[in-house]
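**Student:** Below is a structure I'd like to ask you about.
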Amino acid sequence: MERILYDYFRSSAAYRVRIALNLKGVDVTRIAVNILPGIDEQHSERYRQLNPQGRVPYYTEDDFRLGQSPAILEYLEEQYPSPALLPEGAREKAYVRQLSAIIACDIHPLNNLCVLEYLRNELAADNKTIDKWYAHWIQEGFRAFEKMLTTSNGSGLFCFGDKPTFADICLVPQIFNARRFEVPLDTFPTIVKIGAECAKLPAFQAASPTGLKK
Ligand SMILES: N[C@@H](CCC(=O)N[C@@H](CS)C(=O)NCC(=O)O)C(=O)O
């Protein structure tokens, strides 16, 4: 079976999938899709034929094709169950999905490249305004995320317990973006501590944009 991940090193949605694949030890061929403004390979006719949404990540196994990182994570979890990236129990799973959704559904879409480009090109926002927008949505989401971590019984070394779950997989790329855009994180000590714990694991290290060129 041929597995391909259409990927861009700085895409935080793709970064989630890279972490999950590494944790599960699933080998893929990475194909880089350069989404840098001005290059925009995601909008090429060829890529849109594959993924009509024109975004990364996109995951294929022979003729099975899947976009949207949460769907890809769920698929990998079912298809390659070990190690589990969701805890046992319906309530525990739902809690982890809730944390993941704060990032994947609430923070990330507002700070996505196409949103920032729209602000810049259609609404004439300057860099200072865009940076403010970017920081605002991260801090808004992280405030809730941090509070949940500190008030639930669930968190341990990681967001839930002592093993990484979807929540850590979503959190780490968001921390990476926050640092890249110099968003202060000092009011989120638990988030920072969990990020440091994840950074000790080879699966997270190998997925980081820092070690990849494209
Ligand atoms: N909800 C999607 C978001 C995918 C997405 O928007 N990816 C970004 C990179 S992080 C992208 O491809 N952007 C291209 C663009 O905005 O034109 C997911 O989680 O996979």
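Since every read-out is calculated from the coordinates, none of them should be taken as a lab result. As the structure is a prediction and not an experimental result, all values here were calculated from the model. Reconstructed Cβ throughout: ideal geometry from the backbone, glycine too, with neighbour counts over all protein chains shown.
**Student:** Among all residue pairs at least 6 apart or on different chains, which show Cβ distances below 7 Å where the first residue, located in the range 43-67, is farther than 17 Å from residue 16 by Cα and the second is assigned to a helix (DSSP H, G or I) and of a type in the set (D, E, K, R)?
**Tutor:** Between residues of the range 43-67 that are farther than 17 Å from residue 16 by Cα and residues that are assigned to a helix (DSSP H, G or I) and of a type in the set (D, E, K, R), the close pairs are 47/41; 54/48.
**Student:** Can you tell me which residues in the range 1-33 are over 17 Å from the mean Cα position of the chain (by Cα) and of a type in the set (S, T, N, Q)? Talk me through it step by step, then tell me what you get.
**Tutor:** Taking the range 1-33 as the starting set, the residues that turn out to be over 17 Å from the mean Cα position of the chain (by Cα) are 1-4, 25-29, 31.
Residue satisfying the conditions is 29 alone.
**Student:** Residue by residue through the range 145-179, note down the ones that are loosely packed, with under 14 Cβ neighbours inside 10 Å and closer than 27 Å to residue 203 by Cβ. So that I can check it myself, show each step before the final result.
**Tutor:** Here is the first cut: in the range 145-179, the residues loosely packed, with under 14 Cβ neighbours inside 10 Å are 147, 150-153, 156, 162, 179.
Of everything in the range 145-179, those that are loosely packed, with under 14 Cβ neighbours inside 10 Å and closer than 27 Å to residue 203 by Cβ turn out to be 150, 152, 153, 156, 162, 179.
**Student:** Let me ask something additional. Which numbered condition trips up residue 179, out of (1) within 22 Å of residue 20 (Cβ to Cβ); (2) touching a residue at least 12 places away in the same chain (Cβ under 8 Å); (3) of a type in the set (D, E, K, R)?
**Tutor:** (2)
**Student:** Which of the helices (runs of 4 or more DSSP H) found entirely inside the range 28-110 contain at least 2 residues meeting this: more than 10 Å from the ligand (Cβ to nearest atom) and closer than 18 Å to residue 158 by Cα?
**Tutor:** Values: elements: 45-50, 69-79, 90-101.
In the range 28-110, the matching helices (runs of 4 or more DSSP H) lie at 90-101.
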